[in-house]
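Undergrad: Handing you this structure, nothing more for now.
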Ligand SMILES: Nc1nc2c(ncn2[C@@H]2O[C@H](COP(=O)(O)OP(=O)(O)OP(=O)(O)O)[C@@H](O)[C@H]2O)c(=O)[nH]1
Ligand SMILES: [Mg+2]
């Protein structure tokens, strides 16, 4: 049976052939797969495209090889309520922001491409923490492929732009760059299904303007807000004057779309300082799994206090969906 490939497919294939980086290659292959006609005659081609994508992605997640077998610094385990990558061009102020918001050590300098490997910090928000990751500039030539791997696995993009250097153009080209890499930037009113469909590609976005303390920064912020506020949260910050950390944390936490659940032991009060953080829509089953995988085997029922229950101490099964602030007592 002939494949009957369409012009749209050939256009995607042309993009693949001219792609200069791994992320662009992956994005083009994914597009070829998405637009190709799917029938018996294309089974072989579909399988071939899938295996080429898998091969490229597989290489990304491998630890860097070398005599010392060091682990890949771009492979970062998520901690806290979510992982937020500070995405931007050189000198935007990403490292200064990480250092100022979290106290983590990060090299800040006025020359381009200062940051060569990611550094991490934890940003407190109420009784949870969020993981901030400062990364090399998105156009730094040496790290494109590793960075793509990191961005695929992160929870959220904070697009960092310098308010004193035409922030609207910076944000627009950043967005175009990320779209070229196959990412779908999810705005304030995004369809929940898109978000869940492929968490490697669909990413919630917050726009962060930096250097508000410099003259012209305020005008830059107003322009940025005007251009993007209907689509994404826009936050004004200054690392030098410690401005915007709370607004940033607020915006990010809302976008992470998580719930906090507290567990308790029978006869004891719940520990309210240390919640489990789960994505919205999680069930008692997910709570048990998060506490310990072994709990799933002997699970009998749970007692529940909180807004997802009908009354305090309600007995619920594993499929019960939990809400923010719920207290759960697991019975095994
Ligand atoms: N006045 C002022 N200067 C800032 C602020 N944030 C960063 N800078 C300056 O801007 C320059 C670049 O800051 P970095 O934090 O190194 O920028 P970066 O985005 O990490 O840059 P790369 O690592 O090269 O990608 C440095 O000279 C900083 O001192 C700020 O809020 N106010
Ligand atoms: Mg930096």
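Undergrad: Quick one: check the C-alpha center-to-center distance for region 126-142 versus region 212-262, whole angstrom.
TA: 15 Å
Undergrad: With both bridge residues required to lie in the chain, what share of the DSSP beta bridges run antiparallel, to the nearest 5%?
TA: 50 percent
Undergrad: Tell me whether region 258-331 comes out rounded, prolate or oblate; compute the Cα gyration tensor, take square roots of the eigenvalues as a ≥ b ≥ c, and use a/c under 1.5 as the rounded threshold.
TA: It comes out rounded by the Cα gyration axes.
Undergrad: How high is the FRET efficiency between residue 4 and residue 50 when r is their beta carbon distance and R₀ equals 22 Å, given to the nearest 0.05?
TA: 0.65
Undergrad: So, R0 is 30 Å and r is the distance between the beta-carbons of residue 176 and residue 122; what FRET efficiency does that work out to, to 0.05?
TA: Approximately 0.45, to the nearest 0.05.
Undergrad: Classify the chain as rounded, prolate or oblate, taking a ≥ b ≥ c as the square roots of the eigenvalues of its Cα gyration tensor: rounded when a/c is under 1.5, otherwise prolate if a/b is larger than b/c and oblate if not. Walk me through the numbers before you get to the answer.
TA: On the way: a/c = 1.81, a/b = 1.17, b/c = 1.55.
The shape class here is oblate.
Undergrad: According to the square roots a ≥ b ≥ c of the eigenvalues of the Cα gyration tensor, what is the shape class of region 83-256, taking rounded for a/c under 1.5, prolate for a/b larger than b/c otherwise, and oblate for the remainder?
TA: Rounded shape, in that the Cα axes give a/c under 1.5.
Undergrad: Label-point separation (nm) for residue 43 and residue 294, each offset 7 Å from Cα along Cα-to-Cβ?
TA: The answer from the label model is 4.6 nm.
Undergrad: Here's a follow-up. Per 0.36 nm of contour for each residue apart, how much would the distance between residue 215 and residue 198 grow if the chain were fully extended, relative to their Cα-Cα spacing? Walk me through the intermediate numbers first.
TA: Numbers: separation 17, 0.36 × 17 = 6.12 nm, distance 4.14 nm.
Gain on extension, residue 215 to residue 198, equals 2.0 nm.
Undergrad: With the crude spin-label approximation of a point 7 Å out along Cα→Cβ, what separation in nm comes out for residue 319 versus residue 168?
TA: 5.1 nm
Undergrad: Next question, about the same structure. So how far apart, in nm, are the two label points at residue 332 and residue 264 if each is 7 Å from Cα heading toward Cβ?
TA: Calculated label separation equals 2.0 nm.
Undergrad: Once the piece of chain linking residue 279 and residue 247 is laid out straight, how much longer is it, given 0.36 nm per residue of separation minus the C-alpha distance between them?
TA: Fully extending the segment from residue 279 to residue 247 adds 9.4 nm.
The numbers here are math on the coordinates, done by the rules we state, and not lab data. Small disclaimer: the values here were computed from a predicted structure and weren't measured. As a convention, Cβ positions derive from the backbone with ideal geometry for all residues, glycine included, and neighbour counts pool all protein chains shown.
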